[in-house]
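The values are calculated or read from the model by the stated rules, or taken from the named source; none is laboratory data. All of these numbers come straight from a predicted model, not from anything done at the bench. Virtual Cβ from ideal backbone geometry, glycine too; neighbours counted across all protein chains shown.
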Amino acid sequence: MSQSITPQPGIMEIALYQGGASKVEGVSDVVKLSSNENPYGAGDAAKEAFRRASHDLHRYPNTDHAELRAAIGARHGLDPNRIICGVGSDEVLQMLAQAYAGPGDEVVFTEHGFAMYKILAHAVGATPVEVKERERVTDVEAILAACTPRTRLVFIANPNNPTGTMIGGNEVARLAAGLPEGALLVLDGAYAEYVEGFDGGAAHVEARDNVFMTRTFSKIYGLGGLRIGWGYGTQEVIDVLNRIRQPFNLSTAQIAAAVAAVNDTAHVERSRSENSRLRAWLAEALAEHGVPSDTSCANFILARFADADEAAACDAFLKARGLIVRQVAGYNLPHCLRITIGDEPSCRRVAHAIGQFKAGVP
Ligand code: PMP
């Protein structure tokens with residue numbers, strides 16, 4: 001007789017994460033515009049620091065990430081003691097879910113919010129609560145209306161992925177002030193660096209005890225392959241998270257590359273300004289081909305098609321030409337394609353191909 005071994009409640013509700021392909025069979029000149037990666041790669045300083053770290057591979061890494069926290073703190077004007085580092089910001093989000101939500105608790109996020117929020121809610125046995133947006137923009141009123149005394153975490157990405165839209169500081173403040181007792185607002189700033197002069201929500205963390213901010217090295221720093229992220233919150237929340245953090249979660253190489261990256265402001269500046277220039281160019285080029293998009297604050301745009309069939313057909317058309325973009329059906333946006341802002345030749349290629357598709361070129 002076989003005995004069934006059952007997972008924790010909620011686990012089987014999780015759809016397997018669909019990783020982005022980077023190859024197309026039979027096409028050699030492939031451009032991947034599906035994972036919001038930096039088209040210019042990592043900066044030279046980070047690459048060199050990574051190489052140097054290879055001399056010490058037999059040593060365990062520092063467990064407290066003091067050097068990296070100090071570098072991040074100095075760069076952003078934050079208290080290093082209130083920073084925690086993780087294996088991508090995904091791990092910081094995971095620690096928050098593990099520490100603060102469980103069976104009977106509610107985790108709130110928006111209908112087109114980042115996929116990990118729902119996965120994490122299920123993973124810890126909490127109830128995911130998906131809130132409607134207003135035309136692909138986070139709706140603070142709707143979030144507040146959805147909160148209950150059982151709400152423990154409210155996740156919003158600002159700018160949001162995959163919509164690219166963001167809400168202003170007053171809206172965020174209103175959300176934080178209106179949350180029920182015992183709920184923590186998590187401001188996911190994965191794309192914050194793409195917004196000139198934006199602090200990612202740090203001022204809200206300083207202003208209120210119920211706000212936490214997460215950030216990543218995967219996007220503008222071009223270190224998605226290395227997996228480094230961080231969070232900023234009250235001392236109390238950071239102390240809680242450090243109790244469940246694996247002591248050696250970041251490797252020596254991750255720490256070294258991140259320290260170099262955070263100090264390489266020229267690479268960040270160049271990446272931001274090229275992204276802004278090409279994002280505006282691409283949005284306009286697509287609009288001229290009859291493909292609208294919302295004003296994006298991030299390193300991608302969400303191109304809207306007539307319906308899901310047209311979006312899928314365009315996706316296939318682009319793929320056949322070596323252009324990999326992202327279908328966002330899993331985000332309740334089946335009529336949209338998310339396109340990462342690549343370098344100039346990639347932007348021109350994707351705009352040209354979408355123009356051909358819209359013109360009915362076979
Ligand atoms: N938040 C958002 C909104 C994202 O889009 C991503 C990456 N897709 C992440 C968090 C996680 O990024 P990472 O784990 O690479 O830091």
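Provide a single number: the residues in region 161-193 that are part of a helix (DSSP H, G or I) and within 16 Å of the ligand (Cβ to nearest atom). Number satisfying all stated conditions: 3.
Of the numbered criteria (1) under 18 Å from the mean Cα position of the chain (by Cα); (2) at pLDDT 95 or above; (3) closer than 28 Å to L16 by Cβ, the one C297 fails is (3).
Of the residues in region 139-149, none is part of a helix (DSSP H, G or I), under 20 Å from the mean Cα position of the chain (by Cα) and not hydrophobic (A, V, I, L, M, F, W, C).
Touching a residue at least 40 places away in the same chain (Cβ under 8 Å) and surrounded by 14 or more Cβ atoms within 10 Å (Cβ to Cβ): is that true of R304 in this structure? For R304, the condition - touching a residue at least 40 places away in the same chain (Cβ under 8 Å) and surrounded by 14 or more Cβ atoms within 10 Å (Cβ to Cβ) - is not met. Restricted to helices (runs of 4 or more DSSP H) entirely inside region 11-113, those with at least 1 residues that are in contact with a Ser or Thr (Cβ under 9 Å, 6 or more places away or on another chain) and more than 16 Å from the ligand (Cβ to nearest atom) are 44-53, 66-76. Considering each residue of region 268-291 in turn, at least one proves to be in contact (Cβ under 8 Å) with a residue 12 or more places away in the chain, of a type in the set (A, V, I, L, M) and within 16 Å of the ligand (Cβ to nearest atom). Residues in region 114-130 that are closer than 26 Å to D294 by Cβ and in a loop (DSSP other than H, G, I, E, B) were compared, and the one that is farthest from the ligand (Cβ to nearest atom) is A115. Given the criteria surrounded by 18 or more Cβ atoms within 10 Å (Cβ to Cβ) and farther than 21 Å from G73 by Cβ, does T216 qualify? Taking the combined requirement at face value, the residue does not satisfy it.
Only one of the numbered conditions (1) within 16 Å of the ligand (Cβ to nearest atom); (2) farther than 30 Å from G41 by Cβ; (3) touching a Gly at 6+ places or on another chain (Cβ under 8 Å) is violated by R215, and that is (2).
Each row is one residue, and each column tells you yes or no for (1) in contact (Cβ under 8 Å) with a residue 60 or more places away in the chain; (2) of a type in the set (D, E); (3) surrounded by 23 or more Cβ atoms within 10 Å (Cβ to Cβ).
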position: D139; (1), (2), (3): no, yes, no
position: A146; (1), (2), (3): no, no, no
position: P149; (1), (2), (3): no, no, no
position: L153; (1), (2), (3): no, no, yes
position: N158; (1), (2), (3): no, no, yes
position: N170; (1), (2), (3): no, no, no
position: G178; (1), (2), (3): no, no, no
